[in-house]
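Taking it in order: structure first as structure tokens, then the write-up.
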Amino acid sequence: MFNKLTAAGIAAATLIGAAGAAHAGKELDAIKARGALICGVGTGTAGFNLADSQGKWRGLNVDVCRAVAAAIFGDAEKVKYVPLTAQQRFTALQSGEVDLLSNNTTWTLTRDTALGFDFTGVTYYDGQGFMVNKKLGVKSAKELNGATVCVAPGTTTELNLADYFRANKMQFKPVVIEKADEIRAAFFAGRCDVYTTDASALAAVRVANVPAPQKAEDYIVLPEIISKEPLGPVVRHGDNQFGDIVTWSLFAMLEAEEYGIDSKNVDQMLKSDNPTIKRILGVTPGMGKALGLDEKWVYNIIKQVGNYGESFDRNIGKDSILKIDRGVNKLWTKGGLQYAPPIR
Amino acid sequence: MTDVAPVGERRQLAPPVDDSGALGWIRRNLFSSWANGITTVVLIVAVGWILSWFLEWAVFTANFTAASGSECRAQGACWAIVGEKWRYIFFGSFPYEQHWRPLFAVIAMLAMLILSSDRRMWNWRLIVIWGVGSFITFLLMFGEIHLPLSLFLFVALAVGAVGLILRRNIGAAGEMNAYRALAAIGLAGLVLRIAGILPAWSLAIAPLSYVETNLWGGLPVTLILATYGLVFAFPYGILLALGRRSELPLIKGLCVGFIELIRGVPLISLLIMASVMLPLFLPSGVTFDKFLRAQVAVILFAGAYIAEIIRGGLQSLPKGQFEAADAMGLNYVQKTALIVLPQALRVVIPPLINTFIGFFKDTSLVLIIGIFDFLNTANQALVDPNWAGFPGEIYLFAAFIYFIFCYSMSRYSKRLEIELNRGTRR
Amino acid sequence: MAVEALGSTPRVRVVPWNDPVVRGWVFQIVVVGLVGALAWYLVSNTMDNLARQKIASGFDYLGREAGFEIGDTMIEYSPASTYARAIWVGILNTLRVAVLGIILSTILGTFLGIGRLSPNWLLSKICEWYVEGFRNVPLLLWLFLFYKLISEAFPGPRQAISTLWGSVFLSNRGLYFPVPMADPIHKWMAVALLVGILGAIMQHRWAKKRQEATGQPFPSISAGIGVALGMPIAVWLAAGAPSSMSWPALKGFNFEGGTVIQPEFTALLVGLVLYTSAFVAEIVRSGILALHKGQSEAAAALGLSRGQAMRLVLLPQALRVIVPPMTSQFLNITKNSSLAIAIGYPDLVASINVTINQTGQAIENVLLIMAAYLTVSLSISAFMNWYNKRISLRER
Amino acid sequence: MRNTVLAAAIGLAAILPTHRAEAGPTLDAVKARGQLVCGVAATAQGFSSVDDKGKWSGLGVDLCRAGAAAIFGDAQKVEFVPLDAAKRFPALQSGEVDVLASNSTFTLTRDTALGVDFAGIYYYDGQGFLVARKLGKRTTKDLNGVSICLQPGTTTEANVVDYFQKNKMAFKVLPFDKVEDMRKAFFDGKCDTLTADLSNLYATRVAYAPNPNDFLVLAQAISKEPLALVVRHGDNQFADIVRWSLFAMIEAEEYGITSKNVDQAAAMDHPLLKRMLGVTPGMGKALGVDEKWAYNIIKQVGNYGEAFDRNVGPNSPLKIPRGLNMLWTQGGLQYAPPIR
């Protein structure tokens, strides 16, 4: 019986193994050989990264992955999404399980240095806020002394929260659960007085996650923003070429918005006389070569994903249910912080 | 029992109470004494109260047909959420229109398990059942399977080698030659393959669309993790158990160390290690599927526990068996594989089934590393804001499914224990 | 191999490759070499990966400021404390739930196990269905269920259920109840309690000796409890009965004052106890069933009541069968308490999980988890082995 | 046996090395040398210029000093190497300098093909226009029909053409081959406007205008010229130090820490300040420098606002308005990720 089971075991092992190990070399080569970008995304925040019922991922973070895939393969669909919890994300990136993390990760000093990562830009300038039930009658975060706070563990959110209460000499009691769904459920069930996370995510949760008998209007987001949270895609230290591609894919989306190129007019724009636009869209060659990509890389990004403004509006801005104001995420020409170095 | 007459005194005993019939049964089992009677009454009241409350909630005021959560929010249970979510709970995010695939995969696995529970199948048939069953299961789940050339070569080598060792001095000359040929072909082929002379050919069977493991979810995941966890842990647990019983000090030390290490830490820490650290242990760029990593952790964990059970079986064998085997002139491998193990394993089958029940439940821990097993999909079903607020219903449903599986297996193990003991009770 | 040395025939000189001793060593060295090579391969890969990506390593982070708050701590802790202290808080929380879980599930499980053997059909059936129901469903599911029930079924703090004349409050924030204000006398009361317990043990020994000598029973258990509790009460009274209490009161968002049993802790403890007691019940039952029928008959013949027979004759003997499997249940409770992470109780794994996230140093932290659990597990098994030896039959 | 297991586990833990102490090659070389070698533009008033006594000053110079303060705790341990535009990247690539603060624009080609990394934008520049005040033009939109002094074939020209075409404005070009000729022509009134990077125009106005107050730099930029610090590809640790030294200066301004009050700030019980100034350790270790790194920068060099005001802003002859270089909280672009 022993031998028979063993043999059956070996057979089954190899069956499972068929979908198993894959070897890779340098990052860009490995991605090209694999034929798909592996992108680590969050486990589900409406507007940033959320899989719909067909399993199709959507959101601002997802669009970054798609843009990078469009730049590399000319096809924004060649992405494999790996949903990661806050706990898994860094080791998944360190170990090479994902090529790129586009997961609402805050750019901080420690992560930039000790974790061995490179932040390749800022997709969304965020800040941490508080949401409370209207019934509590709280108007300001300064009134939260003694509150019970629901927060996801292992995030900068958790640290900012402790800092804010310390700096203001207030007390609080945290309730921490690893999974975002669970922590929200606990908040809406009344386990905590306050839910804290990035302001954008608060807006998303308020619109999309309030359970049925309660309404979005039952909850308010307090005016205080207690931290800076520049959220951006992250890559491993080491392969600068791939890091550059991620950086400039995001910059290309910004640059396109600045020059008024969008997914609808990009074909006309190919005929533009403007040398900058010609350079951006690869009509004048050079940029793609510098990155090691096809010259049409920006064209592919804009055609298939859209410029930054389009992506913002579609996922979290005015055309979405979240209706988040552009605020500091406006282009620098319009008073915001979003600024791309020239594609030249 | 308590009204034993004092010694030395003769007393006219009352005629025996009639304890036949329904009344007699009740008297015997429920009201045999005053204390018993009071206990019975108290329990009846308590159970009645709980049951009536539960039935009121779960049946009489329950809603079975609501179209959304808000319609459901009345007094009783909202079973409509189960009606709405059961497909997700059972099959997770497997492509919706392809749900028949995991369904049949589950059926195939259940068939495998049920067939294996029949003692008449405990021979070469098991290998066929598991080979075919696993093939069907994974073909349904993946949609396509690639059988690389090296696999065939490896199987040939393994069959040849095992045959050569086990049938030495026993098998007929022709049979041994067949093993030699198989082993030679396998070995030569593998060497050529590694040297790169043979091409990386593989047999592709792809009748269905490919579904990657991160879309798998629900019952098939739980079944696969538990079943294959045990199947793979089994041979490796046997090795560990033999190692622990070995008189070679280094081997024994290694096995004891490993077993105690694994048994001393929670499964969660192994799962975290597999999900978070395993990739760091491998050369850069080599990664494993997350599902496979969880499976590896379950196997490592199960192996240590199985080893301890098998050790119990080995210890229960009488010395005479070893001596007789030695007298026959069998070598260690033959002795172990042909004499010792068949008897030892027979003893440990019921506790093994209990271990399997344990793993069937413990696989639920993989939800902590983000794999969508049955409990996790049930949990996810609660997230939908339209249907929020009915945890009791969903969890009771999930508990019911788990109960059916575990309870039937434990009944089977009990029956088997009695059957197997019948042979030894002379 | 075990039998190789059985025959006591003088060793014959054989060529080395046929000498079982030599072969044994060669085999061992090969296996150890293979395992060592595998270990070396994995470790060198890891080092290479860490170095190449410039990932920090080492245990220096333990001394750094943790920066996160923990909701349920037994010792002084603030975000300004170090990671080491945060992990220590986690270990203490794990131990708290494990120790309470072990005690409560032993008590509950023993009653259930005896209940299953009751001549009362209804009682034994209820116990049986309890056992089958709880042990055939994953623990994690029970934890989720209890946690959700507590957080969704109980009202918020402002609508808290208040009982015992407004001194105890039950809400989804937990159970608040009053505790005596900290007072220096508490320290002396603890000392008195220890003295009382010592006294009770000595008293019990004396009673046992007397019973063995004269056959006179002595209510040593109730007397012992009396002594153990009486001492601290006497101290308390002697100190003038300082009875100022800290009462929970709704202030701002939550109750302040008093003390609280948090829902996460409750859900975890209840889940662990209900689940494990089902297994304990089975162990107790089979331990008692393993005794020869003559034991209970003899006890009955001596005129002992069923309760006395159980307490004085059956259970002490059954313990010998019960203790080894109970050890593994105790280990299970300890290890299963790690499921706390799923419902947000800040145990060891939860603390370390946050630490992994803040420091990015997974390897060191997972090693810490394993070392901590191994230590606890080995201590529990060492204690149970000692106990098992103590109660085992002394063969004369 | 069980003790052996435990011992083995602890042993395994012990063999894991602490190799963060081992630094990147550039940092090692810098430390061994005892000073940071910093490439700066030969003369760019306000950004890098040297006085008679050989003392360097300027915004770029201050950033190099910040790097030295972070690494050595001493802002003076810098050697400045003046480099002209053509030599700066080869000098960096060859290892002649460790870091460039030479008014280099962050562009795609440089970021990718040159083998360099841009480590933080210290000045958001852009092409603008200098006009005579008496002309009455106040914004770039008023420039319809002007005559422009230009060097043909430069990106400067391309930008002007783009901008005027896009806004449907007419203009006339007066081409010059040499900068000096062009400058002279403008101040002689041969053309209405001179175009170059804004920082350059401010410097030109101060240095060459007969009376600087007669001339006006129009505030709007028609192109993007983000001036960034540059390091070699491949040594991420050194790049991190350079980048976070700049971010520390920006962060300090945001929290109101200056060279004057930094000691008080370090004594405050504020978790953010404590962490940044090294009272709570951790950040320095992560970067591989002393825990007091940010304190040293601010104490010896000042925060970003101080450096800006002193070198190019209101306290300097250039009097460049902060504009885009204001903090993000005040409507500018200067933003530092959190130091934690």
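The values are calculated or read from the model by the stated rules, or taken from the named source; none is laboratory data. All of these numbers come straight from a predicted model, not from anything done at the bench. With ideal geometry, Cβ positions are generated from the backbone for all residues, glycine too; neighbour counts draw on all protein chains shown.
With respect to the conditions (1) of a type in the set (D, E, K, R); (2) at pLDDT below 80; (3) under 30 Å from B:Ala399 (Cα atoms), B:Asp18 lacks only one, and its number is (3).
C:Pro346 falls short on exactly one of the conditions (1) free of Cβ contacts under 8 Å to residues at least 60 places away in the same chain; (2) over 29 Å from C:Ile322 (Cα atoms), and that condition is (1). Inside the range A:280-297, residues that are within 19 Å of A:Ile31 (Cα to Cα) and small (Gly, Ala, Ser) make up a count of 3. Of all residues in the range D:126-144, count the ones that are of a type in the set (Lys, Arg) and part of a strand (DSSP E or B). Residues that pass the stated criteria total 0.
Only strands (runs of 3 or more DSSP E) whose full extent lies in the range A:50-155 are considered here, and the ones with at least 1 residues that are of a type in the set (Phe, Trp, Tyr), within 13 Å of another protein chain (Cβ to nearest Cβ) and over 28 Å from C:Pro346 (Cα atoms) are A:79-83, A:117-119, A:124-126.
Kindly evaluate D:Asp263 against the criterion of being within 12 Å of another protein chain (Cβ to nearest Cβ), surrounded by fewer than 18 Cβ atoms within 10 Å (Cβ to Cβ) and out of contact with any His (no Cβ under 7 Å at 6 or more places or on another chain). No: the conditions fail for D:Asp263.
The residues of the range B:133-171 that are within 24 Å of B:Ser93 (Cβ to Cβ) and not in a helix (DSSP H, G or I), listed by number, are B:Gly143, B:Glu144, B:Ile145, B:His146. Screening the range D:220-240 for residues that are in contact with a strand residue (DSSP E or B) (Cβ under 9 Å, 6 or more places away or on another chain) and part of a helix (DSSP H, G or I) and picking the one that is farthest from the other protein chains (Cβ to nearest Cβ) gives D:Phe238. Scanning the range A:160-189 for residues that are in contact (Cβ under 8 Å) with a residue 24 or more places away in the chain, in a loop (DSSP other than H, G, I, E, B) and over 19 Å from A:Thr105 (Cα atoms) yields a total of 3.
When the residues of the range D:323-332 are filtered to those that are more than 13 Å from D:Glu251 (Cα to Cα) and within 9 Å of another protein chain (Cβ to nearest Cβ), the one that is surrounded by the most Cβ atoms within 10 Å (Cβ to Cβ) is D:Leu324.
Scanning the range C:171-193 for residues that are in contact (Cβ under 8 Å) with a residue 40 or more places away in the chain, of a type in the set (Lys, Arg) and not in a loop (DSSP other than H, G, I, E, B) yields a count of 0.
Taking each residue of the range B:58-83 that is touching a residue at least 24 places away in the same chain (Cβ under 8 Å) and looking for partners that are surrounded by 12 or more Cβ atoms within 10 Å (Cβ to Cβ) and aromatic (Phe, Trp, Tyr) with beta-carbon atoms closer than 6 Å, six or more apart or interchain, yields B:Gly69/B:Trp387; B:Ala77/B:Trp57; B:Cys78/B:Phe390; B:Trp79/B:Phe64; B:Ile81/B:Trp387; B:Ile81/B:Phe390; B:Val82/B:Phe397.
Residue-wise test of (1) outside any helix (DSSP H, G or I); (2) within 9 Å of chain A (Cβ to nearest Cβ); (3) touching a Leu at 6+ places or on another chain (Cβ under 6 Å); (4) of a type in the set (A, V, I, L, M).
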position	(1), (2), (3), (4)
B:Ala337	no, yes, yes, yes
B:Val340	no, no, no, yes
B:Thr355	no, no, no, no
B:Phe360	no, no, no, no
B:Leu365	no, no, yes, yes
B:Gln380	no, yes, no, no
B:Asn386	no, yes, no, no
B:Gly389	yes, yes, no, no
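Note on the range B:40-79: among residues that are within 14 Å of chain A (Cβ to nearest Cβ) and touching a Phe, Trp or Tyr at 6+ places or on another chain (Cβ under 6 Å), the one that is modelled with the lowest pLDDT is B:Gly69.
Confirm whether D:Leu194 is surrounded by 16 or more Cβ atoms within 10 Å (Cβ to Cβ), in the same structural domain as D:Gly95 (by TED's automatic domain parsing) and within 26 Å of the chain's Cα centre (by Cα).
no
Among the residues of the range D:85-113, those identified as surrounded by 19 or more Cβ atoms within 10 Å (Cβ to Cβ), within 11 Å of another protein chain (Cβ to nearest Cβ) and either without any contact (Cβ under 8 Å) to a residue 60 or more places away in the chain or among the charged types (D, E, K, R) (or both) are D:Thr107, D:Leu108, D:Arg110, D:Asp111, D:Thr112.
Inspection of the range C:47-70 finds no residue satisfying the criterion of being surrounded by fewer than 21 Cβ atoms within 10 Å (Cβ to Cβ), among the aromatic types (Phe, Trp, Tyr), within 10 Å of another protein chain (Cβ to nearest Cβ) and part of a helix (DSSP H, G or I).
Hey, could you check the range D:205-244 for residues that are among the charged types (D, E, K, R) and out of contact with any Leu (no Cβ under 9 Å at 6 or more places or on another chain) and say which is farthest from A:Trp107 (Cα to Cα)?
D:Asp214
Out of B:Ile127, B:Ile145, B:Ile170, one residue alone is over 26 Å from B:Glu212 (Cβ atoms), modelled with pLDDT under 90 and crowded, with 17+ Cβ neighbours inside 10 Å. It is B:Ile127.
Considering C:Ser338, C:Ser377, which residue is among the polar types (S, T, N, Q), in the same structural domain as C:Gly109 (by TED's automatic domain parsing), in contact with a Gly (Cβ under 9 Å, 6 or more places away or on another chain) and at pLDDT 85 or above? So that I can check it myself, show each step before the final result.
Details: C:Ser338 fails: in contact with a Gly (Cβ under 9 Å, 6 or more places away or on another chain).
Residue meeting the stated conditions: C:Ser377.
For the condition free of Cβ contacts under 8 Å to residues at least 12 places away in the same chain and assigned to a helix (DSSP H, G or I), what is the one hit in C:Ser381, C:Ser328, C:Ser377?
On the way: C:Ser381 fails: free of Cβ contacts under 8 Å to residues at least 12 places away in the same chain; C:Ser377 fails: free of Cβ contacts under 8 Å to residues at least 12 places away in the same chain.
Answer to the check: C:Ser328.
This table checks each residue for (1) assigned by TED's automatic domain parsing to the domain that holds A:Asp75; (2) within 23 Å of D:Gly126 (Cβ to Cβ); (3) aliphatic (A, V, I, L, M).
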site: A:Leu254; (1), (2), (3): yes, yes, yes
site: A:Ile280; (1), (2), (3): no, yes, yes
site: A:Gly286; (1), (2), (3): no, yes, no
site: A:Leu293; (1), (2), (3): no, no, yes
site: A:Glu310; (1), (2), (3): yes, no, no
site: A:Asn315; (1), (2), (3): yes, no, no
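Filtering C:Ala190, C:Ala200, C:Ala213, C:Ala160 for residues that are surrounded by 14 or more Cβ atoms within 10 Å (Cβ to Cβ) and over 15 Å from C:Ile261 (Cα atoms) leaves a single hit, C:Ala200. Determine if the range A:248-270 includes at least one residue that is crowded, with 22+ Cβ neighbours inside 10 Å, part of a helix (DSSP H, G or I), in contact with a helix residue (DSSP H, G or I) (Cβ under 7 Å, 6 or more places away or on another chain) and within 14 Å of chain B (Cβ to nearest Cβ). Within the range A:248-270, not a single residue is crowded, with 22+ Cβ neighbours inside 10 Å, part of a helix (DSSP H, G or I), in contact with a helix residue (DSSP H, G or I) (Cβ under 7 Å, 6 or more places away or on another chain) and within 14 Å of chain B (Cβ to nearest Cβ).
Checking C:Glu297, C:Glu364 one by one, the residue that is surrounded by 18 or more Cβ atoms within 10 Å (Cβ to Cβ), part of a helix (DSSP H, G or I), out of contact with any Lys or Arg (no Cβ under 7 Å at 6 or more places or on another chain) and among the charged types (D, E, K, R) is C:Glu364 and no other.
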